[in-house]
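One structure is given here, and the rest of the page talks about it.
Values quoted throughout were computed directly from the atomic coordinates according to the rules given, and no laboratory measurement underlies them. Predicted model only: the values in this text are computed from it and were never measured. For neighbour counting, all protein chains shown are included, and Cβ atoms are generated from backbone atoms with ideal geometry for every residue, glycine included.
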Amino acid sequence: MEGVARSRARWRRVCLALAALWLLTVLWAIYGLIDQGVTLTHQGESRRHLTEDLGVLADLAPAVAGGVRRGEVLAALRRRHPTALITATDSTVGIGQLEFRFGPDGRLRAVEHPDLAESAAPRVP
């Protein structure tokens, strides 16, 4: 009788260990699904912001062709995007994540975006 009780106790421990392992596997899978969902959401938002910024740049490009000045870029941005938050300093104008940099003469020198490497930032002559 003692042998049967020991055998049942061993089986019970093995079953509990397997149930715990199964529960950990299920929890790990749930975590993986949630993590993937958050990652995809963040990636989609980042792509949406980048697409908006490229749309701003595409709208503005014909208006600022050539060596334009800071005031012209600022006026064109305000005219095309009246509700957008546009920041301006003496040497920069920003909208979204785009930043237009101007030289000491007030002419456009570079258009920068944080998703682009510094060496890949388009330079305007």
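Were the residues from Arg48 through Asp115 laid out at 0.36 nm apart, the gain over their Cα-Cα distance would be 22.9 nm.
Sequence-ordered 3J(HN,Hα) estimates for segment 48-57 from the Karplus curve with 6.51, -1.76 and 1.60 and θ = phi - 60° stand at 4, 5, 5, 5, 4, 5, 5, x, 4, 5 Hz, glycine and proline given as x.
Using the average count of surrounding beta-carbon atoms within 10 Å as a protection proxy, the listed peptides 77-88, 29-40 rank, highest first, as 77-88, 29-40. Rounded to the nearest 20, the Cβ-based charge dipole of the chain about its Cα centre (Lys and Arg +1, Asp and Glu -1) stands at 640 debye. Among Pro104, Ser7, Ile30, pick out the residue whose Cα is farthest towards the positive end of the charge dipole of the chain, where Lys and Arg carry +1 and Asp and Glu carry -1 on C-beta, about the Cα centre. Value: Ser7. Amide H to amide H distances under 5 Å link Ala88 with Gly94, where only residues 5 or more positions off or on other chains count and H is placed in the peptide plane. Phi angles across segment 10-21 convert, under the Karplus curve 6.51 cos²θ - 1.76 cosθ + 1.60 with θ = phi - 60°, into 3J(HN,Hα) values of 5, 4, 4, 5, 5, 5, 5, 5, 5, 5, 5, 4 Hz, Gly and Pro given as x.
Which entry is the computed log10 I(q)/I(0) by the Debye sum over Cα atoms at q = 0.10, 0.18 Å⁻¹ for this structure: [x] -0.36, -1.02; [y] -0.50, -0.95; [z] -0.55, -0.95? Here log10 I(q)/I(0) by the Debye sum over Cα atoms at q = 0.10, 0.18 Å⁻¹ agrees with entry [y]. Only one residue of Thr39, Ala19, Leu57 has its Cα farthest out toward the positive end of the dipole of segment 1-114, where Lys and Arg carry +1 and Asp and Glu -1 on Cβ, and that residue is Ala19.
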